[in-house]
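Student: Structure incoming, see below.
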Amino acid sequence: MSEYNFAYLDEQTKRMIRRAILKGLAIPGYQVPFASREMPMPYGWGTGGVQVSAAALTPDDTLKVIDQGADDTTNAVSIRKFFQRTAGVATTEETEQASIIQTRHRIPEATLREDQILVYQVPIPEPLRFLEPRETETRKMHSLEEYGLMHVKLYEDISQHGQIATSYAYPVKVEGRYVMDPSPIPKFDNPKLEMAAIQLFGAGREQRIYAVPPYTQVVSLDFEDYPFEPTKADHACDLCAAADSYLDEVIMDDAGGRMFVCSDTDYCRSRRAAGHVGRLGTEAPLSTGPEAA
Amino acid sequence: MHPLLQVNNIRKMYGARIGCTDVSFDLFPGEVMGIVGESGSGKSTLLNCLAGHLDTDGGEVIFDTRDRGPVDTLTMSEPERRMLGRTDWAFVHQHARDGLRMSVSAGGNIGERLMAVGGRHYGDIRASAVDWLDRVEIEENRVDDRPSAFSGGMQQRLQIARNLVTGPRLVFMDEPTGGLDVSVQARLLDLLRGLVREMGLSAIIVTHDLAVVRLLADRLMVMKSGHVVETGLTDQVLDDPQHAYTQLLVSSVLQV
Amino acid sequence: MLPSHAPMIDIRDVSKSFTLHNQGSATIPVMQGATLAVGPGECVGLVGASGAGKSTLMRLIYGNYLAASGQILIGGLDVVRAEPRQILELRRKTLGYVSQFLRVVPRVSTLDVVAEPLLAVDTPLDLARDRAASLLAELNIPERLWSLSPTTFSGGEQQRVNIARGFAYDYPAMLLDEPTASLDARNRATVLGLIGAAKARGAAIIGIFHDEAARDQVCDRFIDVSAFAPRAAA
């Protein structure tokens, strides 16, 4: 343990990141530049989220790490191990028990509380990048609230697909001011962005941190005649029978057999523990998720 | 009648070199002014100063805004100036790709200004886009195609539609027919002429093509080395030029 | 407003010279002391040898050439000193000009070429086209040609389109440069009829006619522009 400073980063770096976090919380949805550090993992593996988590962690915290809703995929496991080793904090797979949850591409199904922090890993923080490659110009557009371009993107969606086909990283307007990329969460999760917990977003390669404070208004952009709709597969979970959770489709065999299961493995496990049984489920709770090799 | 635009003593220096200097004129509603001169005469510099694309070294560009009356756009706040650029002002670039989003469909290109000023009804925006494609003589079924699939003339017409959709009152045009075939130019000129009259547009057109200004412009400003050397009614300046440089310019045109 | 007895076209002591800056700055005086007035309903013919300055005077009146001195008052506006937009307004509402050559934008139909002066004063499109159609019919332009651009027409046809355009709107003052040249007898009679009708409604007209019979039929008096030639001593 002693060969690492707590949570890997040195104290000066954590202070710098905390200042960026506080600024982000003070200006909801605004992308705060920060001096992203080299981390012992490649870009794209959550270096932004890891730095934000490292700056937010205290020795008393309990950490949960999920990747696409699952606690047991490579990315989640390696980040959890990283903090076990460098910070020595307690870890958990139960949403309820966690004080800090680092996530890639999902918001947990369970309602989060005021004493929890949700840290997102963000690949591309700039929602306007799709149509405007110049950083100088996108910054100006944010500062002057020139957001017509976001609707051009949605217009293109409808004209090409007959509906707003953007199904993840669906742009939102935060507290009536900044347009923000909520990271590649499914748009099913967008309504949950208005929550009691603190939400922090870290983009390591792009060197940006932004935040949504508790109980902040977060509105998904849309057209009057094509309103925003949070969508999911039209099934119930085949393991726990949940009809209200976001589902992953799992191909079972070469004959087209497939099943739908909760992407939030903890949610599914806890429902089965409480006795809910889906179409293909078994009475006894499984010890691992369906994707486990 | 009040001038729509009052330009007073605009000056732009590039170091010690003059970009343009001592330029003053009034532009009235519905008036089309041509600025002619050879390359390097300062006409494009002037246009970019007027449109706020270049910082000036002195002068005023007073625009008669809808809500506040005459305001010097050079001292306007940037948000206000950019808003003007999306609503009452339009800028048609010589190269359509400078004025279009090449990765966005024709409909999205036309709709952008509507969405920028708060348009939030897809059906209405698309209907406007289709209407404008028709007005610039592009088939309705091209509405979802990207401009990269269009010919040069079509791209230029699309750029015009994209600019005029919000009903601007003042249009800046920088060599709008440059780089197009002669037959394509004629069609574009005819289109512009019709739109200018229908919409009562005021326009400032920079070009080196005297045939273009004869067809489009009510009056002319002739520039040389950053200075205005002659102004007047278009046909008078072209048929009875007073300044040595204008005489040279007019006599240099090949007669067909 | 003008007093009712004032001439519609009032030209006072106008001079004109051309300075050729690129040919040793030679200054060529072409007109001096030009003075004439035309009242409503009057048609004045300009006469004088070829090169005496008939066309130059017409161009000065229309604002196409810039006078060096003097006054050219049309309906009270001094063309010599007016702003471009005032001259354009004058050309839209007050002063018509039928030149010898048709100058139009390619692609515009003949019907719309003729209707354009009416559209420029905000006449509704259907009314403007009706008037254009009746003029074209009167001037024997076959109806099948109306939807085509006149750029491809024969010289005679272009001339008649040009006349139809010039008479589409009822200008209070008109300049006619050889309106009957190259017309056959039937069309010539039609044009003379149009001129007569314009006089009857009170238009003040200045014309150049080489066709003596036509000249005598419509002109009330003649002005010899040779009198405005610059004196050699000047």
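Student: Looking at C:THR152, C:THR180 in this structure, which one is surrounded by fewer than 18 Cβ atoms within 10 Å (Cβ to Cβ), farther than 28 Å from C:GLY76 by Cβ and polar (S, T, N, Q)?
Tutor: Unique residue meeting the criteria: C:THR152.
Student: State whether the residues of region A:13-29 include one that is touching a residue at least 24 places away in the same chain (Cβ under 8 Å) and either of a type in the set (Phe, Trp, Tyr) or in a strand (DSSP E or B) (or both).
Tutor: Among the residues of region A:13-29, not one is touching a residue at least 24 places away in the same chain (Cβ under 8 Å) and either of a type in the set (Phe, Trp, Tyr) or in a strand (DSSP E or B) (or both), which makes the answer no.
Student: Go through A:THR58, A:THR91 for me and flag whichever is loosely packed, with under 15 Cβ neighbours inside 10 Å and at pLDDT 95 or above.
Tutor: Answer to the selection: A:THR58.
Student: Output the residue which, of all residues in region B:89-126 that are within 22 Å of the chain's Cα centre (by Cα) and among the aromatic types (Phe, Trp, Tyr), is surrounded by the fewest Cβ atoms within 10 Å (Cβ to Cβ).
Tutor: Ranking the qualifying residues of region B:89-126, first place goes to B:PHE91.
Student: Under the condition of being within 19 Å of C:TYR62 (Cβ to Cβ) and in a strand (DSSP E or B), which residue from region C:196-233 is farthest from the chain's Cα centre (by Cα)?
Tutor: The selected residue is C:ILE223.
Student: When the residues of region C:74-101 are filtered to those that are under 15 Å from the mean Cα position of the chain (by Cα) and in a strand (DSSP E or B), which remaining residue is nearest to C:SER182 (Cα to Cα)?
Tutor: Step by step, filter region C:74-101, then rank; the result is C:VAL98.
Student: State yes or no: is C:THR56 closer than 15 Å to C:ASP224 by Cβ and assigned to a helix (DSSP H, G or I)?
Tutor: yes
Student: Tell me the residue from B:SER202, B:SER148, B:SER225 that is more than 9 Å from every other protein chain (Cβ to nearest Cβ) and closer than 23 Å to C:LEU90 by Cα, please.
Tutor: B:SER202
Student: Residues being closer than 17 Å to C:TYR169 by Cβ, hydrophobic (A, V, I, L, M, F, W, C) and more than 11 Å from chain B (Cβ to nearest Cβ): count how many of those fall in region C:85-108.
Tutor: Residues in region C:85-108 being closer than 17 Å to C:TYR169 by Cβ, hydrophobic (A, V, I, L, M, F, W, C) and more than 11 Å from chain B (Cβ to nearest Cβ): 3 in total.
Student: Out of region B:116-151, which residues are in contact with a Lys or Arg (Cβ under 8 Å, 6 or more places away or on another chain) and touching a residue at least 40 places away in the same chain (Cβ under 8 Å)?
Tutor: B:VAL117, B:VAL136, B:GLU137, B:PRO147, B:PHE150 - these are the residues of region B:116-151 that are in contact with a Lys or Arg (Cβ under 8 Å, 6 or more places away or on another chain) and touching a residue at least 40 places away in the same chain (Cβ under 8 Å).
Student: If you don't mind, another one. Tell me, yes or no, whether region B:19-26 has at least one residue that is surrounded by fewer than 23 Cβ atoms within 10 Å (Cβ to Cβ) and part of a loop (DSSP other than H, G, I, E, B).
Tutor: no
Student: Looking at B:GLU139 and the list (1) crowded, with 19+ Cβ neighbours inside 10 Å; (2) farther than 29 Å from B:THR21 by Cβ; (3) not polar (S, T, N, Q), which single condition is not satisfied?
Tutor: Result: B:GLU139 passes all but (1).
Student: In region A:75-100, which residues are polar (S, T, N, Q) and either part of a strand (DSSP E or B) or over 15 Å from A:TRP45 (Cβ atoms) (or both)?
Tutor: Result: A:GLN84, A:THR86, A:THR91, A:THR92, A:THR95, A:GLN97, A:SER99.
Student: Of all residues in region C:1-16, which are surrounded by fewer than 20 Cβ atoms within 10 Å (Cβ to Cβ) and in contact with a Ser or Thr (Cβ under 8 Å, 6 or more places away or on another chain)?
Tutor: Within region C:1-16, C:ARG12, C:ASP13, C:SER15 meet the criteria.
Student: Shifting gears a bit: Does any residue of region C:17-36 turn out to be more than 11 Å from chain B (Cβ to nearest Cβ), polar (S, T, N, Q) and crowded, with 19+ Cβ neighbours inside 10 Å?
Tutor: Yes: one or more hits.
Student: What residue, among those in region A:167-192 that are part of a loop (DSSP other than H, G, I, E, B) and either aliphatic (A, V, I, L, M) or surrounded by fewer than 19 Cβ atoms within 10 Å (Cβ to Cβ) (or both), is farthest from the other protein chains (Cβ to nearest Cβ)?
Tutor: Residue satisfying both the conditions and the ranking: A:ILE185.
Student: Which of the following residues is within 13 Å of chain C (Cβ to nearest Cβ), touching a helix residue (DSSP H, G or I) at 6+ places or on another chain (Cβ under 6 Å), surrounded by 17 or more Cβ atoms within 10 Å (Cβ to Cβ) and at pLDDT 90 or above: B:LEU189, B:LEU220?
Tutor: Of the residues listed, the single one that is within 13 Å of chain C (Cβ to nearest Cβ), touching a helix residue (DSSP H, G or I) at 6+ places or on another chain (Cβ under 6 Å), surrounded by 17 or more Cβ atoms within 10 Å (Cβ to Cβ) and at pLDDT 90 or above is B:LEU220.
Student: Are any residues in region C:24-43 assigned to a strand (DSSP E or B) and hydroxyl-bearing (Ser, Thr, Tyr), and if so, which ones?
Tutor: The answer is C:THR27, C:THR35.
Residues checked against (1) in contact (Cβ under 8 Å) with a residue 40 or more places away in the chain; (2) facing another protein chain (nearest Cβ under 10 Å):
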site	(1), (2)
B:SER41	yes, no
B:SER44	yes, no
B:ARG68	no, no
B:ASP72	no, no
B:THR75	no, no
B:GLU78	no, yes
B:TRP89	yes, no
B:SER103	yes, yes
B:GLY108	no, yes
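Student: Take the residues in region C:124-149 that are within 14 Å of chain B (Cβ to nearest Cβ) and either touching a residue at least 12 places away in the same chain (Cβ under 8 Å) or of a type in the set (D, E, K, R) (or both); name whichever of them is surrounded by the fewest Cβ atoms within 10 Å (Cβ to Cβ).
Tutor: For region C:124-149, the residue satisfying everything is C:SER149.
Student: Can I ask one more? Does C:GLN71 satisfy the criteria of being polar (S, T, N, Q), in a helix (DSSP H, G or I), out of contact with any helix residue (DSSP H, G or I) (no Cβ under 8 Å at 6 or more places or on another chain) and surrounded by fewer than 19 Cβ atoms within 10 Å (Cβ to Cβ)?
Tutor: no
Student: Taking region A:41-55, which residues are part of a loop (DSSP other than H, G, I, E, B) and buried (at least 22 other Cβ atoms within 10 Å of the Cβ)?
Tutor: Matches in region A:41-55: A:GLY46 only.
Student: So which of A:THR103, A:THR136 ends up being part of a helix (DSSP H, G or I), β-branched (Val, Ile, Thr) and either surrounded by 15 or more Cβ atoms within 10 Å (Cβ to Cβ) or without any contact (Cβ under 8 Å) to a residue 24 or more places away in the chain (or both)?
Tutor: A:THR136
A quick yes/no check of all residues on (1) at pLDDT 95 or above; (2) of a type in the set (Val, Ile, Thr); (3) in contact with a Lys or Arg (Cβ under 9 Å, 6 or more places away or on another chain):
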| residue | (1), (2), (3) |
| --- | --- |
| A:GLU145 | no, no, yes |
| A:MET150 | no, no, yes |
| A:LYS153 | no, no, no |
| A:HIS161 | no, no, no |
| A:ALA165 | no, no, no |
| A:LYS173 | yes, no, no |
| A:VAL179 | yes, yes, yes |
| A:PRO186 | yes, no, yes |
| A:GLU194 | yes, no, no |
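Student: Can you give me the ranges of the strands (runs of 3 or more DSSP E) entirely in region A:193-288 with at least 2 residues that are away from chain B (no Cβ under 14 Å) and among the small types (Gly, Ala, Ser)?
Tutor: Hits in region A:193-288: A:198-203.
Student: Pull up region B:228-242, narrow it to residues that are more than 7 Å from every other protein chain (Cβ to nearest Cβ) and more than 19 Å from B:SER39 (Cα to Cα), then point me to the one that is surrounded by the most Cβ atoms within 10 Å (Cβ to Cβ).
Tutor: Residue satisfying both the conditions and the ranking: B:VAL237.
Student: If you check B:SER183, B:SER251, which single one turns out to be facing chain C (nearest Cβ under 10 Å) and under 28 Å from C:LEU60 (Cβ atoms)?
Tutor: From the options B:SER183, B:SER251, the qualifying one is B:SER251.
Student: So A:PRO127 ticks every box in (1) closer than 19 Å to A:TYR178 by Cβ; (2) within 13 Å of chain B (Cβ to nearest Cβ) but one. Which box is left unticked?
Tutor: (2)
The values are calculated or read from the model by the stated rules, or taken from the named source; none is laboratory data. Bear in mind the structure is a predicted one, so any value in this text is a computation, not a measurement. Reconstructed Cβ throughout: ideal geometry from the backbone, glycine too, with neighbour counts over all protein chains shown.
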